[in-house]
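Only one structure is covered here, and it is reproduced in the block below.
The values are calculated or read from the model by the stated rules, or taken from the named source; none is laboratory data. Predicted model, so just to flag it, every value in this text is computed and none were measured. Cβ placement follows ideal geometry from the backbone for every residue including glycine, while neighbour counts extend to all protein chains displayed. Ligands, DNA and RNA are excluded from the accessible area calculation, which covers all protein heavy atoms including side chains. Shrake-Rupley method; radii C 1.70, N 1.55, O 1.52, S 1.80 Å.
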Amino acid sequence: EVDIGGSDDFQVSGFFDKEGGGAHTFRWTGSCASVYLPGARPGDTVHITASALRRPAASPADAKATFAGVPVGAFRVEGDWAEYTVTLPAPLPAGSPLVRLDVPAWRPPNVLPGSDDVRDLGVMVDRIVLEQQQVIGVVAPELRVGKRLLQRERGAVLDAAEPADLEA
């Protein structure tokens, strides 16, 4: 879990300074922002808590998410805080384990009279949670031992079986 606006200093790029307090500490994205997720595994679900609370309705926050450069989902961030999800590909693509959000930016003084905030803003992000999927009985070909295959889950050997046993 990455608490954006809290304990995220070494895992984010493309975000503005920390804001908020109480139930939601957050950062605004710019037109693109990335979060480093070194624990990501194939097929994991990424939960993104975001808001477009002050964003003008005429400029919808249509976010596109990629992981290591590969598209993983798109969603419209609307109004108050809500959770949006994307699923990581299996197998994971080569490259750095970065979730990147691309969002059309808006500038507050262009739509909010009297605003002196000249940042190009995307959406507010509060939290990113990585939900690891449990994979049971995955056959890993690189674990051949003689004529036997080993099945494993999250790096731990679960069972050994003859190849013929696995075909049934």
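Miscellaneous remarks
- Of residues in the range 27-48 being within 14 Å of Gly122 (Cα to Cα) and open to solvent by 20 Å² or more (accessible area, probe 1.4 Å), the one nearest to the chain's Cα centre (by Cα): Ser34
- Qualifying residue in the range 29-48 (condition: under 21 Å from Val118 (Cα atoms) and acidic (Asp, Glu)): no
- Exactly one residue out of Ala57, Ala74, Ala23 is open to solvent by 60 Å² or more (accessible area, probe 1.4 Å), under 16 Å from the mean Cα position of the chain (by Cα) and free of Cβ contacts under 8 Å to residues at least 24 places away in the same chain, and it is Ala74.
- Of all residues in the range 77-99 being small (Gly, Ala, Ser) and touching a Gly at 6+ places or on another chain (Cβ under 7 Å), the one that is surrounded by the most Cβ atoms within 10 Å (Cβ to Cβ): Ala90
- Top-ranked residue in the range 100-118 [being surrounded by 14 or more Cβ atoms within 10 Å (Cβ to Cβ) and farther than 14 Å from Asp62 by Cα; ranked as farthest from the chain's Cα centre (by Cα)]: Val111
- The residues of the range 60-71 that are open to solvent by 20 Å² or more (accessible area, probe 1.4 Å) and not polar (S, T, N, Q), listed by number, are Pro60, Asp62, Lys64, Ala68, Gly69, Val70, Pro71.
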